Amino acid sequence: MRKKLLALVSLGWVFNYAHRMAIPPLIPMIRAELGISNAEAGLLMTALLLPYALIQVPAGYIGDRFGRKRLLVLSIIGYSLSSALIIFARHYRELLAVRALYGIFSGLYYAPATALISDVYRERKGSALGVFMVGPPVGSGLAPLIAVPVAMNLEWRYAFLVLSAMSLVIGVALAFAVRGEVSRPSGVRFSIPKNVFLLSAANFIVLAAFFGLLTFLVSFLVSSGVSFETASLLFSLLSVIGIAGSLFGGRLYDRIGRESIAVVFGLNALLTLLLALTASPWVIIPLGLTFYSVGAVVTAYTSEKATGENLGSVMGFVNMVGFFGATVGPYLTGLLIDGFGYARAFLSIPVMYLLAWGIIRVEEKLERKEISRT
């Protein structure tokens, strides 16, 4: 039962990302049709990520209170149907509105899913969360493989209709193949401990860097002389390699704990700097291993700071603050590109990883001082 649950919940997370990351590889087509700027294209990600962020804490508490699996099923069905509405969006504002609706339903997923997995796989939660966190790389890699061919043969809006049909199957399977709630806390309370605030700030910066890079990676490579088709394949390659990166991050956390944060943040800073300076496709290979390992490491570390009674709320809070950063990242990156060009704009990404690393170090020192006092 645990394996079936983990597989279906992870698949739901895969398509949660596939829907949201279908936009970046289609930006050249969307810009050409709607006549929008890079900053406005970045807002297509911000439009979903802002409501996504706002719903995180309520989703964590509601999942703990009324049933995590039930909320996950609602999320999958809701984000599938709302994403399919893009087929009717003919103007920029309509597209923003549909993406915002999708953001609400997709935002109901992460907190109850990670709380459920952390509770069920207590002794090996790092590895289990590493499996779950293959969702971002698999979903991001799957998105252009589905969206680009559909867009080139039909029209870009139909890509979301195809993705919706696929994700609905997962929602129905989770509803009927896994009986009962599997895991439910005996007592539930809403509380956010103060020791997660600096971690949340670091997550804000990391996700700003993550989504800023992903949103404009294809466009960055095209501006550097890479063909659109090759840039799309490299986007997918980053995500495919990221599957191993996510599993690596989970196992690394199980082995060395919080020290894994320094490892993955430092490597991401180095590799994104090389990408910005060289635009070399070869950087994509090692970057895939480190870029997606962050999610598993940060998620496992966050779960250590919660109790059984507030696990969903804490997971939701840290992710909420992180996704406030994710809403800023694409728009800020778009503004920097419009003002300074792709190469200089991408130099902001390694700086953000180093800043987040520094915040975690401060958080660890404050925690040690607090322990020594008691």
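The values are calculated or read from the model by the stated rules, or taken from the named source; none is laboratory data. Bear in mind the structure is a predicted one, so any value in this text is a computation, not a measurement. Methodologically, a virtual Cβ is constructed for each residue, glycine included, from the backbone with ideal geometry; neighbour enumeration extends over all protein chains shown. Only protein heavy atoms, including side chains, enter the accessible area calculation; ligands, DNA and RNA are left aside. Shrake-Rupley method; radii C 1.70, N 1.55, O 1.52, S 1.80 Å.
Scan the stretch 293-328 residue by residue and report those that are part of a loop (DSSP other than H, G, I, E, B) and open to solvent by 10 Å² or more (accessible area, probe 1.4 Å). Working first, answer last.
Our first condition is that a residue be part of a loop (DSSP other than H, G, I, E, B); within the stretch 293-328, this holds for 304-310.
Selection gives 304, 305, 306, 307, 308, 309.
Among all residue pairs at least 6 apart or on different chains, which show Cβ distances below 9 Å where the first residue, located in the stretch 327-350, is basic (Lys, Arg) and the second is crowded, with 16+ Cβ neighbours inside 10 Å?
Correct list of pairs: 344/276; 344/336; 344/337.
Which ones in the stretch 167-192 are in a loop (DSSP other than H, G, I, E, B) and modelled with pLDDT of 70 or more? Working first, answer last.
As a first pass, look at the stretch 167-192 and keep what is in a loop (DSSP other than H, G, I, E, B): 178-192.
Once the filter is applied, which keeps residues that are in a loop (DSSP other than H, G, I, E, B) and modelled with pLDDT of 70 or more, the stretch 167-192 yields only 192.
Quick test for you: out of 287, 247, 277, 270, pick the one residue that is in contact with a Ser or Thr (Cβ under 9 Å, 6 or more places away or on another chain), open to solvent by 30 Å² or more (accessible area, probe 1.4 Å), modelled with pLDDT of 90 or more and on the phi < 0 side of the Ramachandran plot.
Numbers: 287 fails: open to solvent by 30 Å² or more (accessible area, probe 1.4 Å); 247 fails: modelled with pLDDT of 90 or more; 277 fails: in contact with a Ser or Thr (Cβ under 9 Å, 6 or more places away or on another chain).
Among 287, 247, 277, 270, only 270 is in contact with a Ser or Thr (Cβ under 9 Å, 6 or more places away or on another chain), open to solvent by 30 Å² or more (accessible area, probe 1.4 Å), modelled with pLDDT of 90 or more and on the phi < 0 side of the Ramachandran plot.
Which ones in the stretch 48-64 are part of a helix (DSSP H, G or I), in contact with a Phe, Trp or Tyr (Cβ under 9 Å, 6 or more places away or on another chain) and open to solvent by 20 Å² or more (accessible area, probe 1.4 Å)?
Within the stretch 48-64, 50, 51, 54, 61 qualify.
Keeping to the stretch 111-168, report how many residues are more than 30 Å from residue 310 (Cα to Cα), among the β-branched types (Val, Ile, Thr) and open to solvent by less than 30 Å² (accessible area, probe 1.4 Å).
Counting residues in the stretch 111-168 that are more than 30 Å from residue 310 (Cα to Cα), among the β-branched types (Val, Ile, Thr) and open to solvent by less than 30 Å² (accessible area, probe 1.4 Å) gives 3.
Only one residue in 239, 232, 200 is at pLDDT 85 or above and either surrounded by fewer than 16 Cβ atoms within 10 Å (Cβ to Cβ) or of a type in the set (Ser, Thr, Tyr) (or both). Which one?
Values: 239 fails: at pLDDT 85 or above; 232 fails: at pLDDT 85 or above.
Exactly one residue qualifies, and that residue is 200.
Which of the numbered conditions does residue 74 fail, given that it passes all the others? Conditions: (1) under 22 Å from residue 215 (Cα atoms); (2) open to solvent by 10 Å² or more (accessible area, probe 1.4 Å); (3) in a helix (DSSP H, G or I); (4) not polar (S, T, N, Q).
Checking residue 74 against (1) under 22 Å from residue 215 (Cα atoms); (2) open to solvent by 10 Å² or more (accessible area, probe 1.4 Å); (3) in a helix (DSSP H, G or I); (4) not polar (S, T, N, Q), the one that fails is (1).
What pairs can you find where one residue is in the stretch 272-292 and in a helix (DSSP H, G or I), the other is basic (Lys, Arg), and their Cβ atoms are less than 9 Å apart, with a gap of 6+ or different chains?
276/344
Only one of (1) open to solvent by 10 Å² or more (accessible area, probe 1.4 Å); (2) part of a helix (DSSP H, G or I) is not met by residue 36, so which one is it?
(2)
Could you tell me whether residue 92 is among the hydroxyl-bearing types (Ser, Thr, Tyr) and at pLDDT below 90? It would help to see each step written out before you state the result.
Details: among the hydroxyl-bearing types (Ser, Thr, Tyr): yes; at pLDDT below 90: no.
So residue 92 fails the test.
Take residue 82 and tell me if it is surrounded by fewer than 22 Cβ atoms within 10 Å (Cβ to Cβ) and touching a helix residue (DSSP H, G or I) at 6+ places or on another chain (Cβ under 7 Å).
Here the answer is no, as residue 82 does not meet what is asked.
When you go through (1) at pLDDT below 85; (2) open to solvent by less than 10 Å² (accessible area, probe 1.4 Å) one by one for residue 264, which number turns out not to apply?
(1)
So which of 31, 99 is open to solvent by less than 10 Å² (accessible area, probe 1.4 Å), of a type in the set (D, E, K, R) and in contact with a Ser or Thr (Cβ under 9 Å, 6 or more places away or on another chain)? Outline the logic, then answer.
Working: 31 fails: open to solvent by less than 10 Å² (accessible area, probe 1.4 Å).
Matching residue, one of 31, 99: 99.
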